[in-house]
Structures are given as structure tokens and as C-alpha cells.
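The values are calculated or read from the model by the stated rules, or taken from the named source; none is laboratory data. Remember, predicted model here, so these are calculated numbers, not experimental data. Here the Cβ positions follow ideal geometry from the backbone for every residue, glycine too, while neighbour counts run over all protein chains shown.
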Amino acid sequence: MINPVFRRETRTSLRSWKIFAAMSAYTGILTLVAAVTLAISESASYNYSFNPQNVMILYIALTAFQNLIVAIIVPSLTASAISGERERQTLDLMLLTKMSTGSIVIGKLLSSMLTIVLIIVASLPVFSIVFYFGGVSLLNLLGMMLFTLLFAAMTGSISIFFSTVTKKTIVSTVWTYIVLLAITLGNLTVAGVSAVLFEQMPDTAVSNLVVYGLLALNPGVAFASLADMQMNTGLFADMFNSMYYGYSGGALQAAVDFIVGIPLWVPNLLAMGGITAVALLASARLIKPVRDGK
């Protein structure tokens with residue numbers, strides 16, 4: 001009942017010492033991040049002691065670092081999913097089996113996701129520091145972990161897509177990083193420029209909706225929105241409220257108020273799920289040895 005590709009990739013990866021070395025290195029660096037954050041918070045306090053109210057800063061620092069690591073290592077894990085098989089001349093043998101191309105693609109993605117799950121589980125002892133001081137619920141941590149997993153799935157599916165359309169692993173890796181930069185830093189730049197340009201409009205209902213739609217596609221902004229909700233700071237609500245100039249009122253204003261009131265991480269989860277599904281379907285379609293109608 002287990003996906004054959006996932007079973008094979010799991011056995012081969014878990015037999016290697018590299019994955020456990022990477023997990024140990026990641027846990028050590030995460031512990032260092034926690035120690036530095038605690039030291040900075042302690043040195044900034046009046047009586048050189050840790051303020052338990054700053055535990056949310058520690059929590060956000062750890063989760064932000066974890067998502068950054070996911071964005072770095074997932075392309076390296078999945079960039080050779082198809083191109084590596086092609087370079088080793090084993091792709092044709094895989095296609096001759098009874099497995100569908102969809103099973104091959106999903107198995108490759110699941111094998112990389114297993115590594116991410118192991119990394120998240122290995123980091124739980126470090127996150128236990130947050131629970132020691134209180135202020136963060138288990139539900140908050142689970143929600144952030146689920147966001148990290150979905151972000152990893154989207155990144156892995158994009159990497160597998162480029163691994164399918166390119167012949168070299170290094171090329172697929174570079175293209176994956178380019179896309180990630182485009183949907184984070186590039187998206188943020190476009191949204192900022194759009195917000196400045198739309199300020200000159202007499203009615204900013206449309207501008208708010210456009211800026212909101214752009215930011216909803218940005219995983220980095222979605223992470224900040226989720227952290228903002230968990231910290232109960234309301235920064236994003238204040239940001240969109242500050243953009244309300246010259247509303248004409250009526251149904252348009254009510255509709256925009258309702259949409260903008262939805263936290264940005266909600267549509268972003270839907271967007272990441274859609275990108276994952278489209279990338280996997282496209283990858284499965286592209287590696288078909290014989291396509292319909294040909």
C-alpha cells in the first residue's frame with residue numbers, strides 16, 4: 001500500500017549518515033539561535049534578566065529560522081528528483097514499471113517531505129523552551145508547523161516541476177530559487193510599488209483589493225500574518241486600515257472590508273495548495289513517455 005518510489009527513497013536515505021548529520025547540524029544551529037535570542041533579550045532588559053513576555057519573540061525567531069531553512073534545503077532535496085534519474089539513465093526503467101507518472105512524482109515529493117518532518121520533530125526539544133516560559137499554546141505551534149509543511153510541499157513541487165522540464169539538476173535548483181525569490185521579495189516589491197501608485201486614486205477600494213491579492217500570494221507575508229495573529233498585535237489590520245482613503249462607500253466598500261479582514265495566511269494556504277497541485281499535475285504530464293493523441 002506504500003508508494004514504491006517513496007519506500008525506495010526512504011530506505012536509501014535513512015541508510016545514509018548524511019541525513020542524521022544534517023539533522024544534528026540543524027538542531028545545533030537552532031539551539032544557537034535560541035541562545036542568542038535569549039542573550040539579546042536578557043542584555044536589553046533593565047536588570048539583565050529574561051523577561052517572560054519576550055517569549056513570543058523567541059518563538060517567532062525559531063519558527064522564522066525554521067521556514068528559512070526549509071526554503072534552502074527543500075530545493076536541494078527535490079531538484080534531482082527527475083533530472084537525477086535522467087542523468088543516471090534510470091528514468092526509462094522507472095517508466096517501464098506499472099507505476100503511473102503521478103505515483104512517481106508524488107513518491108519523490110513524499111520522500112523529501114519525510115526529511116522535513118524528521119527535521120521538525122528533531123526541533124521540538126528546542127521549541128520546548130517556549131512552553132517552559134508559557135505564552136504560546138500547543139495549537140499555535142501545530143498551526144505554524146502545518147504552515148511550514150505546506151510551504152515545504154509547495155517548494156518541493158516547484159522544484160520537481162523544474163527537475164522535469166530541465167535536464168540538469170543544477171539548472172532546476174537555480175530556477176527553483178529564482179521562483180522563490182520572485183514570489184517573496186519580488187512580490188513584496190510589486191505590492192509596495194502598487195500601494196504607492198494607487199494612493200493617487202480617488203477611490204482606494206480597488207487598490208486595497210489589488211495589494212491584498214498580491215500579498216496573499218507571498219509565503220513570507222503569510223508567515224508574518226500568522227505570527228501577527230498568534231501574537232495578537234493586529235499589525236496587518238492597521239496597515240490596511242491606514243490605506244482607506246476616499247472610499248465611495250456602498251457595496252464595494254463592504255465587500256473590500258470583508259475580504260481585507262480575512263487574515264493573509266488563509267488565502268495563502270489555498271494558493272500554496274493550488275500551486276502544489278498544479279506543479280505536480282504538470283510534472284506528471286510532462287514525464288509521460290507517450291502522451292495522448294501522439
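Observations, loosely collected:
Let's see how each residue does on (1) in contact with a Pro (Cβ under 9 Å, 6 or more places away or on another chain); (2) farther than 28 Å from residue 163 by Cα; (3) in a loop (DSSP other than H, G, I, E, B):
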{"residue": "37", "(1), (2), (3)": "no, yes, no"}
{"residue": "43", "(1), (2), (3)": "no, yes, no"}
{"residue": "64", "(1), (2), (3)": "no, no, no"}
{"residue": "80", "(1), (2), (3)": "no, no, yes"}
{"residue": "92", "(1), (2), (3)": "yes, no, no"}
{"residue": "125", "(1), (2), (3)": "no, yes, no"}
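For (1) at pLDDT below 85; (2) of a type in the set (Lys, Arg); (3) exposed (fewer than 12 other Cβ atoms within 10 Å of the Cβ); (4) within 30 Å of residue 286 (Cα to Cα), each residue gets a yes or a no:
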{"site": "5", "(1), (2), (3), (4)": "yes, no, no, yes"}
{"site": "9", "(1), (2), (3), (4)": "yes, no, no, yes"}
{"site": "12", "(1), (2), (3), (4)": "yes, no, yes, yes"}
{"site": "22", "(1), (2), (3), (4)": "yes, no, no, no"}
{"site": "38", "(1), (2), (3), (4)": "yes, no, no, no"}
{"site": "43", "(1), (2), (3), (4)": "yes, no, yes, no"}
{"site": "63", "(1), (2), (3), (4)": "no, no, no, no"}
{"site": "70", "(1), (2), (3), (4)": "no, no, no, yes"}
{"site": "75", "(1), (2), (3), (4)": "no, no, no, yes"}
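- Evaluated against (1) farther than 18 Å from residue 284 by Cα; (2) of a type in the set (A, V, I, L, M); (3) within 21 Å of the chain's Cα centre (by Cα), residue 106 falls short on exactly one condition, (1).
- Where a residue in the stretch 146-168 is touching a residue at least 24 places away in the same chain (Cβ under 8 Å) and its partner, wherever it lies, is assigned to a loop (DSSP other than H, G, I, E, B) and surrounded by fewer than 24 Cβ atoms within 10 Å (Cβ to Cβ), with Cβ under 7 Å and at least six apart: 163/80; 164/287
- Hits in the stretch 148-179 (condition: under 20 Å from residue 111 (Cα atoms) and in contact with a Phe, Trp or Tyr (Cβ under 7 Å, 6 or more places away or on another chain)): 162, 172, 176
- You will find that of 164, 155, 115, the residue that is within 13 Å of the chain's Cα centre (by Cα), in a helix (DSSP H, G or I) and β-branched (Val, Ile, Thr) is 155 and no other.
- Filtered residues of the stretch 127-140 (kept if part of a helix (DSSP H, G or I) and either touching a strand residue (DSSP E or B) at 6+ places or on another chain (Cβ under 9 Å) or without any contact (Cβ under 8 Å) to a residue 40 or more places away in the chain (or both)): 128, 131, 132, 138, 139
- Taking the conditions (1) exposed (fewer than 12 other Cβ atoms within 10 Å of the Cβ); (2) in a helix (DSSP H, G or I); (3) of a type outside the set (Gly, Ala, Ser) in turn, residue 86 satisfies each one other than (1).
- Of all the numbered requirements in (1) without any contact (Cβ under 8 Å) to a residue 12 or more places away in the chain; (2) buried (at least 17 other Cβ atoms within 10 Å of the Cβ), residue 113 misses one, and that requirement is (1).
A quick yes/no check of all residues on (1) among the small types (Gly, Ala, Ser); (2) in a helix (DSSP H, G or I); (3) modelled with pLDDT under 75:
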{"site": "230", "(1), (2), (3)": "no, yes, no"}
{"site": "245", "(1), (2), (3)": "no, no, yes"}
{"site": "253", "(1), (2), (3)": "no, yes, yes"}
{"site": "267", "(1), (2), (3)": "no, yes, no"}
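Residue by residue, here is whether (1) on the phi > 0 side of the Ramachandran plot; (2) of a type outside the set (A, V, I, L, M); (3) surrounded by fewer than 20 Cβ atoms within 10 Å (Cβ to Cβ) holds:
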{"position": "117", "(1), (2), (3)": "no, no, yes"}
{"position": "127", "(1), (2), (3)": "no, yes, no"}
{"position": "140", "(1), (2), (3)": "no, yes, yes"}
{"position": "143", "(1), (2), (3)": "no, yes, yes"}
{"position": "165", "(1), (2), (3)": "no, no, yes"}
{"position": "176", "(1), (2), (3)": "no, yes, no"}
{"position": "220", "(1), (2), (3)": "no, yes, no"}
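- Counting residues in the stretch 162-169 that are at pLDDT below 90 and either closer than 19 Å to residue 70 by Cα or small (Gly, Ala, Ser) (or both) gives one or more.
- Among the residues making up the stretch 7-36, those that are over 23 Å from the mean Cα position of the chain (by Cα) and closer than 17 Å to residue 65 by Cα are 35, 36.
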